[in-house]
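The values are calculated or read from the model by the stated rules, or taken from the named source; none is laboratory data. Being a predicted model, the structure only gives us computed values, none of them experimental. Every residue, glycine as well, gets a Cβ built from its backbone with ideal geometry; the counts of neighbours run over all protein chains shown. Only protein heavy atoms, including side chains, enter the accessible area calculation; ligands, DNA and RNA are left aside. Shrake-Rupley method; radii C 1.70, N 1.55, O 1.52, S 1.80 Å.
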Amino acid sequence: MNRCAWWGRTRGTSIPEVLVVLLILAVSVGVAWPGAAQGWDQLQVVQAREEVLALFSRARMEAVSRGGAGVLVLPAQGRVLLLDGVLVLAQVELDPRGVDLTAQGNPGATIRFRFDSMGLGRVASRTLWLSRGEASSRIVISSFGRATRQ
């Protein structure tokens, strides 16, 4: 028999000790789960927002180098496209992340932003809302085409 010299009992853990540890672990996971899910939603919204901001920034740079460019926002499809005429240069897909896109004013309408050869926008100011679960964020596009996070 394998006995510990100073305690006088066998080495290892008993089934009740293992069950107590598993019970404590299960309670900890149960308490932490709602906060983790909300954090995951916020992470997905922030990542989508940053990708859309990067697309608007790239659209302004492409407009300067190509003599003009556009961004097409398709809320119903959950997509944002960077266009050079009819050619799609880049796109951001929001549906795989489960992020919903809505626009100020007419929520389901397609919105087109145009940038001239100086990288300036030619539209009125617009606000785009990104949301998933309880998490949300917005992007404000100024009349000159500069997109900012809010």
- Item | Selected residue (criterion: nearest to Arg126 (Cα to Cα)) from residues of region 77-102 that are in contact with a Ser or Thr (Cβ under 8 Å, 6 or more places away or on another chain) and open to solvent by 50 Å² or more (accessible area, probe 1.4 Å) | Thr102
- Task: Mind listing whichever residues of region 129-148 are over 18 Å from Ile111 (Cα atoms) and open to solvent by 60 Å² or more (accessible area, probe 1.4 Å)?
- Result: Gly133, Glu134, Ser136
- Message: Contact list please: Cβ distance under 7 Å, first residue in region 63-76 and under 19 Å from Met118 (Cα atoms) and touching a residue at least 40 places away in the same chain (Cβ under 8 Å), second residue open to solvent by 20 Å² or more (accessible area, probe 1.4 Å) and in a helix (DSSP H, G or I), pairs at least six apart or on different chains.
- Response: Ala69/Glu62
- Message: Can you tell me which of (1) open to solvent by 70 Å² or more (accessible area, probe 1.4 Å); (2) within 20 Å of the chain's Cα centre (by Cα) is the one Arg114 doesn't meet?
- Response: (2)
- Only strands (runs of 3 or more DSSP E) wholly contained in region 105-150 count here; list those with 2 or more residues that are of a type in the set (S, T, N, Q). 126-132, 135-141
- Given (1) of a type outside the set (Phe, Trp, Tyr); (2) assigned to a helix (DSSP H, G or I); (3) out of contact with any Leu (no Cβ under 8 Å at 6 or more places or on another chain), number of the condition Ala76 does not satisfy: (2)
- Query: Does any residue in region 86-102 that is on the phi > 0 side of the Ramachandran plot come within less than 9 Å, Cβ to Cβ, of a residue that is assigned to a strand (DSSP E or B) six or more places away or on a different chain, and which pairs are these?
  - Reply: Gly98/Arg132
